[in-house]
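So the structure is just underneath, and the comments pick up after that.
The values are calculated or read from the model by the stated rules, or taken from the named source; none is laboratory data. Every value quoted in this text rests on a predicted model; they were computed, and no experiment measured them. No Cβ is skipped: glycine too gets one built from the backbone with ideal geometry, and neighbour counts run over all protein chains shown. Just so you know, the surface numbers come from the protein's heavy atoms only, side chains and all, with ligands and any DNA or RNA stripped out. Shrake-Rupley method; radii C 1.70, N 1.55, O 1.52, S 1.80 Å.
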Amino acid sequence: MQVAAQLKPEYMQQQSTQQRQAAQQQSNRELSHIEKFVKAFRSNDMAKSEQILKEWNQADSNDPELYVAYFNFFTVKSLEKDSVKPDMQYARKALEYIGEGIRRFPTRFDMRVVEIVMHSRIKEFEPFTKKVIDLIEFSKKINCQWKGEAFRLIEYPDEVFSGAVHDFQGTLFAANDTALFKNIVRISEVMHKNFPNNHECLLNLSTVYYERKQYDKSIETLLQADKVKPNNSILQYNLAWIYAKKGDRDNARRYYELTVRNATDQEAKLKEAAQKQLDELKK
């Protein structure tokens with residue numbers, strides 16, 4: 001058995017001293033503005049956080065993280081009295097700072113997302129829709145080369161971007177206001193124009209048509225999506241459902257059968273629902 005070489009006591013003492021000196025140097029290092037802010041913010045010291053933001057702004061107003069920090073600060077301030085309904089004065093300040101951040105650093109994806117989310121929180125769905133459309137059009141312009149913190153390219157930008165747009169349309173559906181259907185249509189149309197291979201925008205558009213009882217337009221849109229994303233069980237189930245709603249049993253049966261055939265293991269419940277509908281049609 002090999003024995004590890006023993007360190008000389010004087011070397012051990014020297015190493016220990018060096019470690020203490022390094023630790024002391026680290027503790028003496030002046031914290032950056034963002035480090036100071038995060039420390040105060042996490043401690044819920046809002047007065048100190050605000051003072052740090054002012055100092056930071058004076059020292060380096062061209063730091064993108066300053067605008068994210070300001071947004072976070074005013075977002076928390078807006079929810080101090082009511083965690084559900086934001087204080088509009090502070091919500092506006094949050095939007096003002098993140099808007100300035102986007103103006104200076106337009107490729108920062110995180111800034112654009114939080115701006116849109118804030119508009120949804122304060123129920124401003126027209127600005128919300130406009131900002132989503134801006135996101136889509138700018139994404140086309142930069143070929144989805146979105147940046148995150150420290151201006152690093154975000155991972156899987158195409159998927160992250162399209163998923164965000166889909167979620168934003170989900171926010172409009174969740175508002176349970178049929179007046180917002182036109183907003184979903186606008187977003188879907190702009191998305192399809194700029195990213196014609198995105199099937200989710202067509203799925204959302206078909207849902208609006210279905211809710212409006214425009215069944216033929218809903219089917220037409222789903223068939224268009226089926227060409228973009230063939231063998232997608234969700235699209236096929238929706239087609240079957242609407243054909244059944246119209247009384248077209250043959251096409252309903254056809255698309256329920258395709259749903260059963262193409263549903264993945266993760267879509268077991270969808271497959272089960274399709275099979276149940278198929279059995280009903282066979283009676």
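Of 48/123; 85/147; 182/213; 147/227; 140/217; 77/123, which ones are farther than 25 Å apart at the Cα? Over 25 Å Cα-Cα: 48/123; 85/147; 147/227; 140/217. Partner lysines whose Cα lies under 17 Å from the Cα of residue 229, excluding those fewer than 8 positions away in the same chain, are identified as 193. Computed on the Cα atoms alone, the convex hull of the range 74-146 gives a volume of 73 cubic angstrom per residue.
Among the aspartates and glutamates, which fall within straight-line cross-link reach of residue 141, defined as a Cα-Cα distance under 14 Å, with same-chain neighbours fewer than 8 residues apart omitted? Those aspartates and glutamates meeting the cut-off are 158. Based on the Stokes-Einstein relation at 10 °C and a viscosity of 1.306 mPa s, and on the Kirkwood radius from alpha carbon pairs, the chain is assigned a translational diffusion coefficient of 69 µm²/s. Please say if the range 157-238 is rounded, prolate or oblate, where rounded means a/c under 1.5 for a ≥ b ≥ c the square roots of the C-alpha gyration tensor eigenvalues, and otherwise the choice is prolate for a/b larger than b/c and oblate otherwise? Oblate, since a/c reaches 1.5 and b/c is not below a/b. Taking 4 °C and 1.567 mPa s as the conditions, I'd like the Stokes-Einstein D for the range 114-173 in µm²/s, using the Kirkwood hydrodynamic radius from alpha carbon pairs. The Stokes-Einstein estimate is 107 µm²/s. The packing ranking, built from the mean of other Cβ atoms within 10 Å per residue, places the peptides 62-74, 232-244 in the order 232-244, 62-74, highest first. The aspartates and glutamates whose alpha-carbon is closer than 19 Å to the alpha-carbon of residue 36, local same-chain residues fewer than 8 away aside, are 45, 50, 55, 60, 63, 65, 149. Compared with the dominant principal axis of the Cα atoms in the chain, helix 215-228 is inclined by about 60°. Heavy-atom accessible area with a 1.4 Å probe sorts 100, 220, 137, largest first, into 220, 137, 100.
Note on the range 237-253 and the range 73-144: Cα centroid distance 41 Å, given to the nearest whole angstrom.
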